[in-house]
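The values are calculated or read from the model by the stated rules, or taken from the named source; none is laboratory data. Every value quoted in this text rests on a predicted model; they were computed, and no experiment measured them. Glycine gets a Cβ as well: all are built from the backbone with ideal geometry, and neighbour counts include every protein chain shown.
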Amino acid sequence: MPDVTWEEPFCGEGNSCYRIGVDADGNSYIAVAGAEAAHLTDSAESLRQLIRDIKAGKADHLLSDG
């Protein structure tokens, strides 16, 4: 696994904790806390865009109960 600098976990209710990290090559990583070896990888710009889209409400439909 590349040398990833992981942020502290972001935790919701229960055990749903995620970690975001970056490496020296400009890649970004998202993983479930405790399972960092099974991560998703993309560019740092893709991670920035994902965060911007979430903040803009583009994922709000995932939060509804139905």
Residue hits (the range 16-41; assigned to a strand (DSSP E or B) and under 15 Å from ASP3 (Cα atoms)) are ARG19, ILE20, GLY21, VAL22, ASN27, SER28, TYR29, ILE30, ALA31, LEU40, THR41
Applying the selection to the range 47-66, what residues are within 11 Å of the chain's Cα centre (by Cα) and either more than 18 Å from ASP3 (Cα to Cα) or modelled with pLDDT of 95 or more (or both)? ARG48, LEU50, ILE51
Test GLU13 against the criterion of being part of a loop (DSSP other than H, G, I, E, B) and either in contact (Cβ under 8 Å) with a residue 12 or more places away in the chain or out of contact with any Phe, Trp or Tyr (no Cβ under 9 Å at 6 or more places or on another chain) (or both), and give yes or no. yes
Of all residues making up the range 5-21, the number that are of a type in the set (Val, Ile, Thr) and at pLDDT 95 or above: 1
Condition met for ASP53 (free of Cβ contacts under 8 Å to residues at least 24 places away in the same chain and in a loop (DSSP other than H, G, I, E, B)): no
Select from the range 1-35 the residues that are surrounded by 11 or more Cβ atoms within 10 Å (Cβ to Cβ), of a type outside the set (Gly, Ala, Ser) and over 11 Å from the mean Cα position of the chain (by Cα) and list them in ascending order. PRO2, VAL4, CYS11, ASP23, ASN27
